[in-house]
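Heads up, the thing below is written out as structure tokens.
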Amino acid sequence: METLLRIFHLIALFFPPYWSLHYFNALLVPIGQTIEMAAGGIFVALIVGMLTGIWVGAGLPGGRWIYRLLSAFRSIPDLTLAIFCVVVVGIGPAAGMLALAIFYSAAIGKIFADLFLSADRNPVDALRATGATRLSVALFGLLPLRMQDILSYGFYEFESAVRASVIVGAVGGGGIGTELVGTINALDYRRTSTLILVLILVIALIDKLSHILKNKPIAIGILLPLGLAAFWANRPAMLAIPHALTTFGKMLPPQLPADAIRALPGLFGETFEIAVGGTFFAMLAALPLGLLASRNLSPAFVSIPVRRFLEALRAIPEIVWGLILVSAIGIGPRAGVMALAFHATGALGRLYAESFENIPTAPVRAIAATGAPRLAVAGFAFVPLALAPVAVHTLFRLEWNVRAATIVGVIGAGGIGQALFNAQQLFFYRQMMAYVVLTWLIVVAVDQASALLRGKLNLMEAKA
Amino acid sequence: MWGRQSCLQPPSGGSLCMLEIRDLNVRYDKRNHVLKGVSLTVGQSERVAILGSSGAGKTTLFHAINGFAKADSGSIQVNGVEVTQLAGRALRRVRSHIGVVSQRHDLVDSLAVYQNVMAGALGRWSAWRALRFLFWPAKEEMEEAAAALRRVGLEHKLRARTSGISGGEHQRVAIARALVQQPVLLLADEPVASLDPKLSEQILALLCGLAAESRVTLLCSLHQPHLAERYFDRIVELQDGRIAGGAVSTFLQQGI
């Protein structure tokens, strides 16, 4: 109860948002930096991702190893990479850009490789049958077969890179994220809410833009000059490679002092507590909200506002929720749990609503046709049919939240993320590297476990 | 052996065989044998139809000939070259001399027709030339594509989108692609399976006519015995992975 009061008290401090023309003018620079980081990062990632994707998809030598490497790199959370890059190339947009470039190269490379590997086999085999080299098969078959998907994925990834560039800013990567942390640290909450509104606006604009450009995927071409310019603007930092390598050398080999090793089970426990707690509370809130938001179950005057509310919840990234909540209820896992719960409620609510909308009507009608009361219809048809998709979405979100739990730790929500950030702030580089490796191991382990579990669930469904 | 001109001439050894398969076994796993001791000899310029129901092993036989399916035992010689042990560049070289037309939709829809046709030349082009052709086709390359399309009666579709052509035109483009390859052996895997009877006749007549004109050996799998009798020198029946009846070329016996 006391906590709730404190949150309400804090929310009051955010209003009204700070408003001045001068401030908006000044904000153009960080907004530009955020977009610059995203464009530069994606520019590099598209080139690297395309080359590696073709390499793997065409079955050139070593492709399997490259694929494994991409999968492994993708499991390092973007914020963890950003902390690492801030150390290596220094505070500023170059660090954010480098982090995004690494993260999205792996992500795009793997997606493109998957696209190429799953391309229609018939034309590809027909080309192979002419005795063409693998590269020629890729040029004449894989690329044209998948061009449409490549372009739309490229734009989609740019969109998510803009979101991510806000996040990497929070640890010194520059842009809106850095500003946001600055205002919270200065207890200037009215500016914080202005920045959050700006952030929501920028993301909404990009969303809108990608919606308009969906039928014109070739528009991704605008990323080329934009990305090149961004890359060029940050080249001094990129060129400081000798310094970066020396710093990197200081991180090796990863090492933890004895007391840090003793603290590890506690850190792991906290990270999982944040992930599981956040998912659990999100599920509790998202089930009724999802029912209210589904268009086939609720009248429009209910479903539309609920949908908007869910959108607002998920437009604010976990890390920003975390920043706000840490200043409201203090540092500790509780802030982390709530940060994840708020964002995940928005995401799960929408997914649940979609699942409810997609339930086949025939079985529900068949039960209703027996004259069964509404509750019985729900119990015998609706709930059993909705259970499987709801379980799958929740499981996916849990997987995602483990990743997010390692991230929110950075702003004081506890767990391994906090240990990582503290090590960086104290220049304990070897210790920091050890936490990076551990974070990676956690994410990989959970991904594998979740994939295994999903496989088992599918198996059960197939048997039933 | 694989010179463009010489391969249409009888090899100096005196053999008239273009394809010689001996005791071929192919299996997909330990229990499922797809081809069981298949032996087949096809002479130069001979047109052979392979009849058999679905699952008899026709496609697998073709896949074994151009190295897509691995032989467990036995041998396959194409123009005197043993292909079962080939891999990498050597296999690609053999493949560049074997044209394939299949029942499946195997053109790249998002390319133009001429690009699909010239894909037949990929076996003799470097990757750089392939890349250059995609963006900047040379005049003689366009002429080659037009010539191949003219032979199948589709010259007017040269620059058309492949996604916009009909099923019969699709097979013609696939044949044109095989022609660009200048093959010594043409494998047609149920080329008319997805076409109506009238179109089937047209496509088979075209295929066999072109094979005779270029003196290319043609191996074609079919479902329809009456078409096989009308258009081919010889019929071989494949049943449950085995050749039914005699597999010796009557064509060769007659000394033609």
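The values are calculated or read from the model by the stated rules, or taken from the named source; none is laboratory data. All figures in this text were calculated on a predicted structure; none of them were measured in a lab. Using ideal geometry, Cβ is built from the backbone for each residue, glycine included, and neighbour counts are taken over all protein chains shown.
Would you check which residues across segment A:47-104 are under 27 Å from A:LEU117 (Cα atoms), buried (at least 18 other Cβ atoms within 10 Å of the Cβ) and hydroxyl-bearing (Ser, Thr, Tyr) and list them? Correct list: A:THR52, A:TYR67, A:SER75, A:TYR104. The helices (runs of 4 or more DSSP H) found wholly in segment A:298-414 and carrying at least 2 residues that are surrounded by fewer than 16 Cβ atoms within 10 Å (Cβ to Cβ) occupy A:300-315, A:333-357, A:361-369, A:374-377, A:383-408. Counting the residues of segment A:251-296 that are buried (at least 16 other Cβ atoms within 10 Å of the Cβ) and either polar (S, T, N, Q) or touching a helix residue (DSSP H, G or I) at 6+ places or on another chain (Cβ under 6 Å) (or both) gives 21.
The set of residues in segment B:79-102 being polar (S, T, N, Q) and within 10 Å of chain A (Cβ to nearest Cβ) consists of B:SER96, B:SER102. Screening segment B:101-163 for helices (runs of 4 or more DSSP H) wholly inside it with 3 or more residues that are closer than 19 Å to A:THR133 by Cβ and among the hydrophobic types (A, V, I, L, M, F, W, C) returns the ranges B:127-135.
If the Cβ limit is 9 Å and pairs must be 6+ apart or interchain, which residue in segment A:99-110 that is in contact (Cβ under 8 Å) with a residue 12 or more places away in the chain pairs with which residue that is of a type in the set (Asp, Glu)? Listed by first residue and then by second, the contacts come to A:ALA99/A:ASP78; A:LEU100/A:ASP78; A:ILE102/A:ASP78; A:PHE103/A:ASP78; A:TYR104/A:ASP78; A:TYR104/A:GLU157; A:ALA107/A:GLU157; A:ILE108/A:GLU157. Per the conditions (1) facing another protein chain (nearest Cβ under 9 Å); (2) part of a strand (DSSP E or B), the sole criterion not satisfied by B:ILE76 is (1).
Being surrounded by fewer than 21 Cβ atoms within 10 Å (Cβ to Cβ) and either more than 20 Å from A:LEU13 (Cβ to Cβ) or not small (Gly, Ala, Ser) (or both) is a property that A:ILE184 has.
Please pick out the residue among B:VAL34, B:VAL26 that is touching a strand residue (DSSP E or B) at 6+ places or on another chain (Cβ under 6 Å), more than 14 Å from chain A (Cβ to nearest Cβ), in a strand (DSSP E or B) and at pLDDT below 90.
Values: B:VAL26 fails: at pLDDT below 90.
Within the list B:VAL34, B:VAL26, the selection yields B:VAL34.
From the list B:THR59, B:THR41, pick out the single residue that is among the hydroxyl-bearing types (Ser, Thr, Tyr), in a helix (DSSP H, G or I), more than 10 Å from chain A (Cβ to nearest Cβ) and under 27 Å from B:ALA176 (Cα atoms).
Details: B:THR41 fails: in a helix (DSSP H, G or I).
One residue alone meets the criteria, B:THR59.
Could we say that A:LEU151 is buried (at least 20 other Cβ atoms within 10 Å of the Cβ), more than 9 Å from chain B (Cβ to nearest Cβ) and in a helix (DSSP H, G or I) here? Please lay out each step first, then the result.
Details: buried (at least 20 other Cβ atoms within 10 Å of the Cβ): no; more than 9 Å from chain B (Cβ to nearest Cβ): yes; in a helix (DSSP H, G or I): yes.
Against the criterion (buried (at least 20 other Cβ atoms within 10 Å of the Cβ), more than 9 Å from chain B (Cβ to nearest Cβ) and in a helix (DSSP H, G or I)), A:LEU151 does not qualify.
Scanning segment A:105-138 for residues that are at the interface with chain B (Cβ under 7 Å from one of its Cβ atoms) and either surrounded by 24 or more Cβ atoms within 10 Å (Cβ to Cβ) or among the small types (Gly, Ala, Ser) (or both) turns up A:PRO123, A:ALA126, A:LEU127, A:ALA129, A:THR130, A:GLY131, A:ALA132, A:SER136. Screening the candidates B:ALA130, B:ALA188, B:ALA176 for the property of being surrounded by fewer than 24 Cβ atoms within 10 Å (Cβ to Cβ) and either under 30 Å from B:SER53 (Cα atoms) or more than 19 Å from the chain's Cα centre (by Cα) (or both) yields one hit, B:ALA130.
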